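Chemist: Take a look at this one; I'll ask things after.
The values are calculated or read from the model by the stated rules, or taken from the named source; none is laboratory data. As the structure is a computational prediction, the values presented were derived from the model and not from experiment. With ideal geometry, Cβ positions are generated from the backbone for all residues, glycine too; neighbour counts draw on all protein chains shown.
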């Protein structure tokens, strides 16, 4: 391979100095020679792979600090040409290094690099072909796309059919990230790729009929199907316009999804009706097909088509997802196989988010489908009916509740008495979705039977997960019905108090916590007058629970914090006597420091408990539970300050000392947002209790303006400016704030407007010159909406100071720079 051209740019040398960067050239050369010699001599494949990764890490670090390993390039070239007995291992090693650090050859002649990669992609050894494919993908992922990219990518695709079935999933997985970073490379090959990937799934029906018999899969084929489906759906998201032009694209993907949802045997379903739901139950194979339908519905868009009008015409790739899906659904729901009926319902549920515009015009047949399924003899189908109804209640923005509550609510109430615990628990869960989008006037007539059904589940059921779900739903019903729930207060509250006082065994901790949460929400719903006679007894129970010993994983700690807040919300200033009991734990939680762990290869930990970020080549884990607890505490402090007014003054200083640094707490957006809500209330509390000082005012506004100066997220900018405007208004105007702070505010705002204007101009230019993928266009639309809201909040804050300020004109001008988005069809 020829050397890089003279004067080729090198990677930035701004990295911190390390032991490696301080090595003398002779020591570095010896170190590099030792690594290559060790790799050449190593007979164990696993150790060779470790050495390849080590060499790649050294190369990358060398590029970062400007120390190029020129001898390695010659080694790569020579190893790739080896044809002797050890040649296969050498070729794998060479392409393995390139796969991990493609920047090593970024400055070399692209034709020479292309020839090297082509040789690997055509290698006689399948393992070499696979790692060469990964190396090619890595090379084409570099910031500058070489002119050889189309030809190299075609070679990658041509290498797929020759891959054995145990290598094919890995090959497909290597291509998936490309769907987002380089979707245009796929465009000339979409039709051939679709045909190839469909071959994994076998032939399907040419006309809409009940699905084919169950697919019998081995592990390799299942993995290939999963990877192939992900590749197709990812392309549908990143290159929607191009995919819709391929005949049969959408219809073919939907066909394999419908077959996959109905055809897979799940061993654990044999004892489904007597088993408890498991947290990991959703990680089953058919879920990939359900998610694929959901993603297709969102990415490929919905036209205003009639479901039944489309059903009699052949489906083509230009048709939309809802009509194509409904070519299968009615017949599946009438099938004698329960898996078909189950799949039909789950498919409808998957359409909601992306297909709302179509589904809302077809609610009557959809509701009828679901209603009939509630009478199905198979419990798993009735469970799917609950899932479908609950999902559509959420995704269709309350349309089902508004138009069909007379059908839905009686069905759900009857389902609470279903003989299978998992079904009546899921019916209670679906009721939560229903209540989120229904006015209390609609809910009112059904409350007696509904509340009775939920209390019966709580009292008479022996399954703890059912009782827990009944409490969660009861809390939601109380929240949605507000004062209408007062008629049930005397019958429901004693039941909850009984659980709080007696369910003390370890296995009942969550049940007890949910009873506490439900009682708090009922207190808010029925109001101060109804709750006050019982407030003292209830708070005594909370104090007793708080004084009990708690394990680290006891949910009562978090639920206590929320319940105290609900009682404070209900009682207002009359909650003051209970502050000494509620505040210590709350302040402790608000003051929590993040727990940070550095993870290394081979570490064993509960990674789900951490938010992982990569920093300086290391994986840093931040304990999410502590961050959530801190965020909840901040939110509750804001409620206390707002509801108790001057009665909160004993805790004013401590709360300020937490809220002000919370403005810049970068590890959790919720903490920052809660801090902006808390600060105006704390200033008002100080003012009402005659504790407000100039030092306190400046101590709030200076860091607030400083946060405005450096913030780039338009979502948080909204909150910062809303906090500023609210605080200025509460204090009676800008006269309460130091003029230097006002000047800093206008300077920060001017800079923010300059940056927003630049971003919008750059975005506009990009839209004019590039074909923006549909999913990215959607993201950009959301960004512009967030920017518009931030501009509105800026204008409100400026008007609090000077209603005729010139920056208001600038805001209007920047708002006009928003892109007028058009759909593909337009």
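Chemist: What number of residues within segment 547-561 are over 16 Å from residue 508 (Cβ atoms) and buried (at least 18 other Cβ atoms within 10 Å of the Cβ)?
Modeler: 1
Chemist: Now, a different point. Residue 386 fails exactly one of the following numbered conditions: (1) part of a loop (DSSP other than H, G, I, E, B); (2) under 23 Å from residue 272 (Cβ atoms). What is the number of that condition?
Modeler: (1)
Chemist: Okay, moving on. How many of the residues in segment 699-712 are surrounded by fewer than 18 Cβ atoms within 10 Å (Cβ to Cβ), more than 23 Å from residue 654 (Cβ to Cβ) and in contact (Cβ under 8 Å) with a residue 12 or more places away in the chain?
Modeler: Residues flagged as surrounded by fewer than 18 Cβ atoms within 10 Å (Cβ to Cβ), more than 23 Å from residue 654 (Cβ to Cβ) and in contact (Cβ under 8 Å) with a residue 12 or more places away in the chain within segment 699-712 amount to 2.
Chemist: Determine if segment 74-83 includes at least one residue that is crowded, with 16+ Cβ neighbours inside 10 Å and more than 20 Å from residue 115 (Cα to Cα).
Modeler: no
Okay, residues lined up against (1) surrounded by fewer than 16 Cβ atoms within 10 Å (Cβ to Cβ); (2) at pLDDT below 55; (3) not in a helix (DSSP H, G or I):
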{"position": "231", "(1), (2), (3)": "no, no, no"}
{"position": "286", "(1), (2), (3)": "no, no, no"}
{"position": "294", "(1), (2), (3)": "no, no, no"}
{"position": "298", "(1), (2), (3)": "no, no, no"}
{"position": "301", "(1), (2), (3)": "no, no, yes"}
{"position": "317", "(1), (2), (3)": "no, yes, yes"}
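Chemist: Residue 665 - would you say it is at pLDDT below 95, buried (at least 19 other Cβ atoms within 10 Å of the Cβ) and under 23 Å from residue 790 (Cα atoms)?
Modeler: Answer is yes for this residue.
Chemist: Does residue 276 satisfy being assigned to a loop (DSSP other than H, G, I, E, B), out of contact with any strand residue (DSSP E or B) (no Cβ under 9 Å at 6 or more places or on another chain), closer than 30 Å to residue 463 by Cβ and modelled with pLDDT of 65 or more?
Modeler: Details: assigned to a loop (DSSP other than H, G, I, E, B): yes; out of contact with any strand residue (DSSP E or B) (no Cβ under 9 Å at 6 or more places or on another chain): yes; closer than 30 Å to residue 463 by Cβ: yes; modelled with pLDDT of 65 or more: yes.
Yes: the conditions hold for residue 276.
Chemist: Moving to a separate point now. Which of (1) over 36 Å from the mean Cα position of the chain (by Cα); (2) in a loop (DSSP other than H, G, I, E, B); (3) over 19 Å from residue 796 (Cβ atoms) is the odd one out, the single condition residue 732 does not satisfy?
Modeler: Result: residue 732 passes all but (3).
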